[in-house]
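Take a look at the structure below.
The values are calculated or read from the model by the stated rules, or taken from the named source; none is laboratory data. For clarity, every value in this text was computed on a predicted model and none was experimentally measured. Because the Cβ atoms are built from the backbone with ideal geometry, glycine has one as well, and the counts that use them run over all protein chains shown. Side chains included, ligands, DNA and RNA excluded: accessible areas come from the protein's heavy atoms. Shrake-Rupley method; radii C 1.70, N 1.55, O 1.52, S 1.80 Å.
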Amino acid sequence: MSDQAFYSGLQSKLETLRSDGLFKPERVIASRQGSEVVSQDGRTLINMCANNYLGLSGDEQTSRAAAAALEKYGYGLSSVRFICGTQTVHKELEAKLSEFLGTEDTILYAAAFDANGGVFEPLFDENDAIISDALNHASIIDGVRLCKAARYRYANNDMADLEKQLIAATDAGKRHKIIVTDGVFSMDGTIAQLDSIVELAEKYGALTMIDESHASGFMGKTGRGTHEHCGVIGKIDIITGTLGKALGGAMGGFTSGRREVIETLRQKSRPYLFSNTLAPMIAGASLAVLDRISKSTELRDRLMENTAYFRQEIERIGFTIKPGTHPVVPVMLFDAPVAQKFAARMFELGVLLSGFFYPVVPMGQARVRVQLSAAHTREQLDTVLKAFEQAGKELGILKNQ
């Protein structure tokens with residue numbers, strides 16, 4: 001406790017965040033996750049900011065599956081996988097994910113952040129090149145930093161710049177090249193051009209990797225992900241993703257691909273080797289979710305209907321949104337304090353939203369990010385749209401005012 005300057009420095013930085021309108025408060029909910037939640041003050045709010053795409057986070061079937069796995073396998077394993085932390089439920093889930101994604105094998109992690117953090121270093125070294133999209137998730141960026149491979153970055157979803165970086169890596173004589181991209185960029189809802197990426201990978205002899213955290217379970221005709229959406233199933237070398245969004249909403253991540261890739265990760269991936277096993281009740285619930293969505297596209301179809309309706313109506317009201325078809329709908333407010341005020345006013349009007357601003361998004365691109373769910377009813381969406389219109393008029397930010 002002797003270095004008081006350290007603590008006073010932190011306090012000063014926190015005060016600056018608050019005064020600049022950049023401090024991110026945590027809103028506490030006192031209920032299970034869902035299209036409606038109960039806030040700490042006892043009010044019921046319509047929830048428009050969870051990654052609960054298929055509405056399964058607070059779903060009774062999901063909870064019952066978790067309870068059944070808890071009863072059978074216990075609370076946890078107090079071990080890593082290779083010592084005594086692998087149960088049949090983990091092997092069943094890995095096999096089911098592989099079947100669902102169209103790959104040979106899958107490895108589970110405690111979180112998708114760990115999956116991305118542990119994928120590069122065991123597979124690539126200073127003789128290789130990683131070509132990464134400029135807007136890739138922080139977990140990919142951190143994973144790349146842990147690897148000794150040369151780093152090349154291309155402008156977001158820009159195929160001309162990607163080709164330029166592939167040429168540079170080729171000219172540098174790199175042994176292996178891998179193109180890495182989010183399947184869906186979570187701040188904008190932009191879908192990666194995987195068909196074009198695969199073409200360039202084939203042209204320059206590169207591998208491909210996608211992070212499917214905002215896609216697995218609902219993107220594509222049967223919800224397999226952006227590789228299904230873009231028609232390139234079987235052409236992606238490595239797929240990472242999460243169990244913590246559409247696929248149940250708890251936590252847990254995975255990496256899926258060729259058998260030799262996954263086996264190498266089992267032997268050398270540090271977050272896998274040195275982290276406790278994913279809780280068996282999460283694995284059991286995730287298995288039940290995969291069974292459910294493999295049998296029917298009902299939830300996926302309802303999500304897409306809700307998305308199309310909300311996107312159409314929010315523009316009609318007079319807001320600017322990022323174009324697209326994904327259930328992430330960025331409502332652009334541009335100014336950070338305005339985004340904070342807008343989110344606070346929506347909270348008062350019974351809608352749970354969060355403002356996003358620099359450094360989470362580029363300077364001048366502040367927004368509230370709406371996330372649609374299959375659990376939202378049309379009545380709830382209409383109530384939310386009315387609140388958007390009211391708050392927009394009060395703050396004078398509608399285009400048609």
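Suppose every Lys and Arg Cβ carries +1 and every Asp and Glu Cβ carries -1, with no other charges. What dipole size does the range 124-217 come out with about its Cα centre, to the nearest 20 debye? Working shown, then result.
Numbers: 9 positive and 16 negative charges, 78 e Å.
My answer is approximately 380 debye.
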Exercise. How are the C-alpha pair distances of the range 237-388 spread across 5 Å bins, as whole percents from the shortest bin up?
Worked result: 2, 8, 13, 15, 15, 13, 12, 11, 6, 3, 1
Exercise. What base-10 log of the normalised intensity I(q)/I(0) is obtained for the chain from the Debye formula, alpha carbons as equal point scatterers, at q = 0.06, 0.09, 0.10 Å⁻¹?
Worked result: -0.25, -0.58, -0.72
For this session: Would you mind computing, in nm to one decimal, how far apart the modelled labels at Thr320 and Ala160 are, each placed 7 Å from Cα along Cα→Cβ?
Result: 2.3
Exercise. In the range 86-174, which trypsin sites (Lys or Arg not before Pro) fall in coil by DSSP and have 13 or fewer other Cβ atoms within 10 Å?
Worked result: Lys148
Exercise. Convex hull over the alpha-carbon atoms of the range 141-283: what's its volume per residue in Å³?
Worked result: 126
Seminar exercise, completed: PRE zone check, label point 7 Å out along Cα-to-Cβ of Lys203, amide N under 16 Å, scope the range 125-167, hits 154-155, 157-167
Exercise. Is it possible to state the helix-based mean residue ellipticity at 222 nm for the chain, with each DSSP H run of 4+ residues giving -39500 (n - 2.57), the sum divided by total residues, to the nearest 500 deg cm²/dmol? What is it?
Worked result: -13000 deg cm²/dmol
Exercise. So for the range 2-66, what are the equivalent ellipsoid semi-axes in whole Å, largest first, each being the square root of 5 times an eigenvalue of the Cα gyration tensor?
Worked result: 37, 15, 11
Problem set entry | the chain, accessible area per residue, ligands and nucleic acids excluded (1.4 Å, Å²) | 45
Seminar exercise, completed: Cα-only Rg/Rh for the range 80-193 with Kirkwood Rh rounds to 1.02
Seminar exercise, completed: Taking GluC sites (Glu not before Pro) as exposed when in a DSSP loop with at most 16 other Cβ atoms inside 10 Å, the chain has its longest clean stretch at 127-401
Exercise. If r is the Cβ-Cβ distance from Glu394 to Glu60 and R0 is 25 Å, what FRET efficiency results, to the nearest 0.05?
Worked result: 0.05
Exercise. Can you work out the FRET efficiency for the pair Glu15 and Arg145, with r the C-beta to C-beta distance and R0 = 45 Å, to the nearest 0.05?
Worked result: 0.90
Seminar exercise, completed: What the Cα atoms of the range 40-88 span along the principal axes, largest first and in whole Å, is 45, 23, 20
For this session: Could you name the lysines whose alpha carbon sits less than 16 Å from that of Lys177, not counting residues in the same chain fewer than 8 places away?
Result: Lys148, Lys164, Lys203, Lys235
Problem set entry | Whole-angstrom gap from the range 271-294 to the range 182-215, using each part's C-alpha centre | 25
Exercise. Just the Cα atoms of the range 321-401: what Rg and Dmax do they give in Å?
Worked result: 12.4, 35
Exercise. Around Lys386, with a cut-off of 15 angstrom between Cβ atoms, what is the net charge of the other residues, counting Lys and Arg +1 and Asp and Glu -1?
Worked result: -2
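What's the carbon and sulfur percent of the range 1-103's accessible surface, probe 1.4 angstrom, rounded to a whole number?
Summing carbon and sulfur atoms, their accessible area is 54 percent of the total for the range 1-103.
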Exercise. For Arg378 and Thr297, what is the calculated FRET efficiency with R₀ set at 25 Å and r taken between the beta-carbons, to the nearest 0.05?
Worked result: 0.85
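Hey, any idea what % of the range 289-401's accessible area is carbon plus sulfur with a 1.4 Å probe?
Here carbon and sulfur together make up 51 percent of the probe-accessible area.
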